[in-house]
1. What FRET efficiency do you get for residue 208 and residue 411 if R0 is 56 Å and r is their Cβ-Cβ distance, rounded to the nearest 0.05?
2. Can you compute 3J(HN,Hα) from phi for each residue in region 173-180, using the Karplus curve 6.51 cos²θ - 1.76 cosθ + 1.60 with θ = phi - 60°, rounded to whole Hz and x for Gly and Pro?
3. With a 1.4 Å probe and every protein chain left in place, work out the accessible area per residue of the chain in Å², rounded to a whole number.
4. Roughly what percent of Cα-Cα pairs across region 195-306 reach past 19 Å?
5. May I ask you to order 368-375, 164-171 by the average number of other C-beta atoms within 10 Å around their residues, highest value first?
6. Using bins 10 angstrom wide from zero, how does P(r) for region 105-156 break down, in % of all Cα pairs?
7. Could you compute how much accessible surface residue 447 exposes when probed at 1.4 Å, giving the result in Å² to the nearest 10?
8. On average over all directions, what projected area in square nanometres does region 444-511 have, based on the convex hull of its Cα atoms?
Amino acid sequence: MKKCLFLTAASCAAFSFGLTSAAVAQTCSEYNESPMLADIVAAGGLPPVGERLPAEPLIVEPAEQIGIYGGTMVDSTGGNRLAEFRHFGYEALVRWSVDGGEVLPNVAKGWDVSDDATAYTFHLREGMKWSDGEDFTADDIVFWWEHVETNTDIQSSPRGFFIVDGEPATVTKIDDYTVEFKWSKPNGLFLENLSTSYGVRVVQFAEHYHRKLIKSLNPEGVAELMAAANAEDYTQWWAANVGSYGKQSEYNNPERPFVQAWVPTEPFLGKERFTFQRNPYYFKVDTACNQLPYIDSRAWVLVSDPEVQLAKTLSGEVDISRVNISTPANRGVMFQNMEQGNYRFVTANSADMNVADLRFPLHYPADPVKEAIYSDKNFRIGLSHAINRQELIDVIFLGQGIPHQIAPRPESPLYNEQLATQYTEYDADLAGSFLDKVLPDKDGDGFRLRPDNGDRFTVVVDVNNEFKSDWGDMMELIEGYWESVGVDVVLNFVSDAVSVARRNDPDRDVFLWLAENGSGRLPMLAAREMLPRDKTWTEAWEKWYDSGGSEGVEPPANYVRAWELQDAIPTLFGDAQSEAWDELVQIAADEFAQMGIALPMGNYRAVNNRLRNVPEPLLEGWLYPGIAPANFSTFYIEPSSQ
């Protein structure tokens, strides 16, 4: 039985997945390959395709039809992270299905899970190879765990889902093609977490290549490499030259072995345009026994300005639009230029909870008065009622969406109506009555005054317009709504780089971000986003919690209980996990620490008509790394446009 995302935890807790692809039960007696590789084989530069594939390649069914080899797909990148696994790089042990409804085999051909969810055994594909032709085996996964993921010279600790109640996984090689992850307590969400982009790390480090880059295994060799790079700090050198999750260096070295469908042939950093070529050892085939990918190469154009990104989409220069410009506000201009740009709209449903997540600092050492005001629930309720969400949806999102707080989507089995709908009614008088409980005094212009010095109480919001191009217009409307009930607002429009740099600044004011992971059981993977623990807003509380009360400031009892539940949920399964989730969501509803605007709807991508096999609908998300699970390796380019 497959691990299910939309079913209850109890019905999915104990299972084993068959070792043969369930999508297509067939055996290929021989395989086909790209003509560009066939020519290399004929010249003696590569083994035959049958020797390059594993004994049981992953069979992928194309969305429309069997594709045609050749061509270059052109994409854009903002220059921040190529390896964010949204349009490139999403290959892990297991993966999400296209619709986000299931966890499916990928690098692992199958798995077994113990009845108590403490042990996960993965069965690898015999004969699978890295892009340099070397075998991919359980040794590579054990090497990654022992010398990269748990290496404190590289990072402080393993990713959180590899740790259960303080206990890191024990990763054991059973045989060359079997590896086990084990804990003494249940890890009830391990498969789902491995399916996120964060799971890619498990299959990124080939032992035969990376051994020479580990300081403890090759101290003299690493010292020489660092000296050549004028580097003194190993951690910084690793991040800049080898890289783990999301670092640009991860794909900048053409000598590094990969399992991805396309691989670099030269360094790309600093280039305005760069190209990756097909991996001749890629482990997937289609239902007609053709080795994937169909497309020979992937090209990226460096574009940091969203307006230039939009222009390149309108002109047909790129094959698929990026999520940050595929907004309701841009739909009209994209529609007008559809014929000229030779593209079509493909629906891209959102997995997000909300178009925005407004978080108020509960810990504000620079301004204790603001801390007291922001911590008062009445203030947050008043601001929420002051927002005319339907008007905002109509104006900014062209009617696409419904008023909604930070909560799982209605189609999720984890949906909580109170959390989703409370305080979304627009009522300026009601808003004023709540605000009067906190800031009753006003100046001659009707603006509310601080209780300590009589100055105007001012809410400051950083707005990252590069990340979401419609946030600026949205926040200008919200600024008007809040000022109409007497709350002064200052909007700081900042770049993506500045926003990231200031994210952990304890003296920042209101934080605007995106509320993701709202579909299916995704919210449970992001349980810590409900009443989030963040050094920016709850540092003193978090210090108390982490120290068992010996340091910091004791949080309110509800927050302590919520954080206990957040820590417990990944270690539970079945009914116990569901009950813990329900209690956490109810606390989040009672506290109302975060404010949402609207449920995202009406998303789309502009896809060039020459690019085929793009499934519809696509799904956008974060822990579901939309749109990467759409099987880019099955996309193909019409021969007349190659």
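The values are calculated or read from the model by the stated rules, or taken from the named source; none is laboratory data. Just so it is clear, the model here is predicted, and its values are computed rather than measured. Note that each Cβ is placed from the backbone with ideal geometry, even for glycine, and that neighbours are counted across all protein chains shown. Just so you know, the surface numbers come from the protein's heavy atoms only, side chains and all, with ligands and any DNA or RNA stripped out. Shrake-Rupley method; radii C 1.70, N 1.55, O 1.52, S 1.80 Å.
1. About 0.75, to the nearest 0.05.
2. Per residue, the Karplus-derived 3J(HN,Hα) values read 7, 7, 8, 4, 10, 9, 9, 10 Hz.
3. Details: 24230 Å² over 642 residues.
Here the residues of the chain average 38 Å² of exposed surface.
4. Working: 3479 of 6216 pairs.
Value for region 195-306 (Cα pairs over 19 Å): 56 percent.
5. Highest-to-lowest ranking by the protection proxy: 368-375, 164-171.
6. 21, 39, 34, 6
7. 30 Å²
8. Values: hull surface 20.5 nm².
Value for region 444-511: 5.1 nm².
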